[in-house]
Every structure is written in structure tokens, then in C-alpha cells.
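Participant: Here it is, the structure in full.
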Amino acid sequence: MKLNRERRRSHSGPRRGVIEDLERLLKRARAIPVAALVLMVLGFGVGDFSKSYLELPEGTPVRDATANSVPRVRLDGLSRHMSQLRAAGETTMEYVSMYRQHVAPVEKVLQRRGVGRTTARQIAWPLVEHSYERGLDPAFVVSVLLSESGGRPAATSPVGARGLMQVMPSWSGRWRGCGRNLYEIEANLCNGTSILAWYLRTASDERKALLGYNGCVRGSNTPNCTRYPDRIMMLRQQIQRELNAARKAIG
């Protein structure tokens, strides 16, 4: 009996040791989260503890998103926007320069000749534009316009000529790109300058071209129409001097 008890003790000893070792390991395992929490709160050893897990293997390519991604995209967009603004600014400057040199003097002369400010502004730009397009001197066109209608877009002659340059309805629709409403400023100037340029191309001289424009081929449509070219040429000289003075005043 005694021998059997001693054998049981001898066999139970190693088992008990193993159980005790397991209990100690279990206690340590339970203590690890608590210790980690304490370390995180206190700030001790967290960097070294996490570094081994967060550190990339040597040679792994790394992209710096802050330096190479977001700012680069934003700067490219800003650069394109600045380029667009510069182009728009140059266009605006070109418009202002064109207006000051070519359009504003015509506008001022029209106002000086009794055309209202708003109407003069509506007339000046298309008058210069259509004149240049057809190789005409704006001073020449202004002289015809003032002689024909006094700068009144709604003017109508006894024989039915309409608008600023007193265009006959039979001409409407003949010139590509010109409107048909001869009381509309743009359409009238487009038609009128086209007709004047056509007469200058087909006639042997400027005098005959002006007689044709006025409908004074045989001297029967308008009283004293043969004097029409002389009036236009004299007025043109005056208008040219006024335009030159206006350009100097505008600077």
C-alpha cells in the first residue's frame, strides 16, 4: 500500500509541474494586453514595439503622396487656369486696343455730327469692321452714311431706300452673310458697304461709283444728284480730319 502511494506521488509530480507551468504562462498572457495598454498610455516602448510590425522590408518602393500626388495635381490645374486667364487677358487687351484706335474715333465723330451716344456706339464697330472687310476707308463710309440718312437707322426715303445707308429693298438678300432687315444696323451696314464696294469695283472711277450708289446714273432719281459725289468727297475730307483729331485726343 505504501509503495503504491509513493508511485502515485512520483507520477503526479511531473503532471503537477506541467500544470503549474501552464498556469504561469496563462497569467503572463493575460497580463500582456494590460501591459501594452499601460505602455501606450505612458508612451514607453510603443515605437520600438510597433516598429518591427510596421516597418517595410528593405528595398520596398515608397511613394510620398503628400509631396508627389495631391500638390502636383493641384498645381497642374492652377497652371492651366492661369494660362486661360492670360489668354483671355490678351484678347481683352487686343479688343480694347482695337476699339481705341479704330472704333472710338468713329463713335466720337458720329456723336459730334448729331448721332445719339447709344446709336453711335451701335454703329461704330460694325461700320469699321464691314469697311475693312471690303477694303473701304471708314471715313468714306461715314461720309456716305451721314449724307444718306444723317445716322438714323429708321430713315426711309421717298423712293423706299431704307436705313443708315439708304439701301433699296431690291438689294436685300443679294450679299451672302448680310441680313435682310435693312432697318437693323448690322444688316444695313453689311449691305450698304457691299453695294458701295461693288460699285467701286465695277465703275471706272470713284465719282461714277458714287453716282451709281446714289442711283444717279441718268440724273433723274434725285434733284441735283450729279453733285452727290462732290458732296461726299468734301465731307470725307472733313470727316478724316475729325477722325485724326479724335485719335490724338484718345491717345
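Participant: From the list Y228, Y183, pick out the single residue that is touching a Leu at 6+ places or on another chain (Cβ under 8 Å) and more than 23 Å from P105 (Cβ to Cβ).
Facilitator: Working: Y183 fails: touching a Leu at 6+ places or on another chain (Cβ under 8 Å).
The unique qualifying residue is Y228.
Participant: Something else about it: Here are some residues: G192, G135, G160, G173. Which one is closer than 29 Å to R247 by Cβ and either aliphatic (A, V, I, L, M) or at pLDDT below 95 (or both)?
Facilitator: Within the list G192, G135, G160, G173, the selection yields G135.
Participant: Continuing with this model, one more query. Collect the residues in region 130-146 that are closer than 12 Å to M234 by Cα and of a type outside the set (G, A, S), keeping them in residue-number order.
Facilitator: F140, V144
Quick grid of which residues meet (1) loosely packed, with under 15 Cβ neighbours inside 10 Å; (2) touching a helix residue (DSSP H, G or I) at 6+ places or on another chain (Cβ under 6 Å):
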{"residue": "V167", "(1), (2)": "no, yes"}
{"residue": "S170", "(1), (2)": "yes, no"}
{"residue": "W175", "(1), (2)": "no, yes"}
{"residue": "G192", "(1), (2)": "no, no"}
{"residue": "M233", "(1), (2)": "yes, no"}
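Participant: Hey, another quick one. Hey, among the residues in region 156-171 that are more than 34 Å from the chain's Cα centre (by Cα) and part of a loop (DSSP other than H, G, I, E, B), which one's nearest to V128 (Cα to Cα)?
Facilitator: If we take residues in region 156-171 being more than 34 Å from the chain's Cα centre (by Cα) and part of a loop (DSSP other than H, G, I, E, B), then Q166 is nearest to V128 (Cα to Cα).
Participant: Applying the selection to region 182-206, what residues are touching a strand residue (DSSP E or B) at 6+ places or on another chain (Cβ under 9 Å) and not in a helix (DSSP H, G or I)?
Facilitator: Of everything in region 182-206, those that are touching a strand residue (DSSP E or B) at 6+ places or on another chain (Cβ under 9 Å) and not in a helix (DSSP H, G or I) turn out to be L182, Y183.
Participant: On to the next question. Looking at E133, is it of a type outside the set (V, I, T) and in contact (Cβ under 8 Å) with a residue 40 or more places away in the chain?
Facilitator: yes
The values are calculated or read from the model by the stated rules, or taken from the named source; none is laboratory data. Small disclaimer: the values here were computed from a predicted structure and weren't measured. Every residue, glycine as well, gets a Cβ built from its backbone with ideal geometry; the counts of neighbours run over all protein chains shown.
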